[in-house]
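Each value in this text was obtained by applying a stated rule to the coordinates, not by laboratory testing. These figures come from a predicted structure and were not determined experimentally. Here the Cβ positions follow ideal geometry from the backbone for every residue, glycine too, while neighbour counts run over all protein chains shown.
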Amino acid sequence: MFPFLKKKKPLLLRQKGFHSFLRKLLPFPPGEMKLYETAFITRSGTLTHEGFPVNNERLEFLGDAVISTIVTEHLYNLFPDKDEGKLTKMRSRLVNRKTLNDIALSMGLDRFVLYNHQSDNQHRHIYGDVFEAFIGALFLDQGYDRTRKYFHKVLFEKYVSFRQILEEDTDFKSLMVEWAQKNHTSLSFVTRSGKGEDGQPTFHTLLQTGNDLLGTGSGHSKKEAEQEASRDAYHRLRNS
């Protein structure tokens, strides 16, 4: 365990109201407050405490595994007729970066995240990472059973539209490929790369069939830009 956790002095000289926020967020009194404080320190916001670097990377690693286990167990019990492939696909929809980021924002975790704005401002899912670290802290503080109950009674009921996430097929590129096959046409993704104002790489994609433009999209990776272009095309076709 981290040596600084033995100290009684608060680790973070910052966010007023953090402790009261945490007590309202949890259905039971938090135990080791410094675990939760650490969960909100990103790598770029790393603090040094008595010679030790302090950030949430290890808690994020642990929280990712705990979340995956809880969701896997829930799906296993909820869908006894589903095979491994379908269960894996459903789990990936529930624990992807966007979903976790949305949960974190709904919970208000973004109000207390400590990070370097220049380094992390372009990281779209920074709050989802903090949510994973928060769950890692909860697991160490309260154990697996309480963490699992928190998921079921609070997150699944209040912050997650469980049925909507499972029923929504978010792989828009695959949907567009299926559309093209049914309509006996071909798709082409035309992608250009560049740099944004922050110097980070950006990608812009046009999705076409023949000379017709179906959709456009941008992202920080080629894959993301193609997915956004497919999403745009899919919704255009549905609304046409």
Next on the checklist: Taking amide H atoms as placed 1.01 Å from N in the peptide plane, list the residues 5 or more away in sequence, or in a different chain, whose amide H sits under 5 Å from that of G219.
Outcome noted: F203, A225
Checklist entry - Calculated FRET efficiency, K195 and K223, Cβ-Cβ r, R0 22 Å, to nearest 0.05? => result 0.75
Checklist entry - Working out 0.36 nm times the residue gap between Y144 and K182, then minus their Cα-Cα distance, what length gain in nm do you get to one decimal? => result 9.0 nm
Checklist entry - Can you work out the base-10 log of I(q)/I(0) for the range 172-239 at q = 0.27 1/Å, using the Debye formula on its C-alpha atoms alone? => result -1.13
Item to check | Table column - 3J(HN,Hα) (Hz), the range 94-107, Karplus curve with 6.51, -1.76, 1.60, x for Gly and Pro | outcome: 7, 10, 6, 4, 5, 4, 5, 5, 5, 4, 4, 5, 5, 7
Checklist entry - Going highest first, how would you order 182-189, 213-220, 32-39, 149-156 by mean Cβ packing within 10 Å? => result 32-39, 213-220, 149-156, 182-189
Checklist entry - What nm distance separates the two modelled labels at T46 and R58, each placed 7 Å from Cα along Cα→Cβ? => result 1.3 nm
Next on the checklist: Stokes-Einstein diffusion coefficient for the range 13-167 at 37 °C in a medium of 0.692 mPa s, Rh from the Kirkwood formula over Cα pairs: what value in µm²/s?
Outcome noted: 203 µm²/s
Item to check | Length released on extending from L26 to V154, taking residue separation times 0.36 nm less the Cα-Cα span | outcome: 45.2 nm
Checklist outcome for this item: Of the listed links K98/K173; K98/K223; K89/K223; K173/K222; K98/K149, those spanning more than 20 angstrom between alpha carbons are K98/K149
Checklist outcome for this item: Under the 7 Å Cα-to-Cβ spin-label approximation, R238 and F79 lie apart by a distance in nanometres of 1.9 nm
Checklist entry - Relative contact order of the range 13-167: what whole-number percent is it, with Cα pairs under 8 angstrom and at least 6 residues apart? => result 33 percent
Checklist outcome for this item: For the range 185-240, listing GluC sites (Glu not before Pro) in a DSSP loop whose Cβ sees at most 13 other Cβ atoms within 10 Å gives E197
Item to check | Farthest toward positive dipole pole in the range 172-239 [+1 Lys/Arg, -1 Asp/Glu at C-beta], among L206, S221, Y234 | outcome: Y234
Checklist entry - How large is ³J(HN,Hα) for each residue in the range 223-236, as worked out from phi by the Karplus curve 6.51 cos²θ - 1.76 cosθ + 1.60 (θ = phi - 60°), to whole Hz, x for Gly and Pro? => result 4, 5, 5, 5, 5, 5, 5, 5, 4, 4, 5, 4, 5, 4
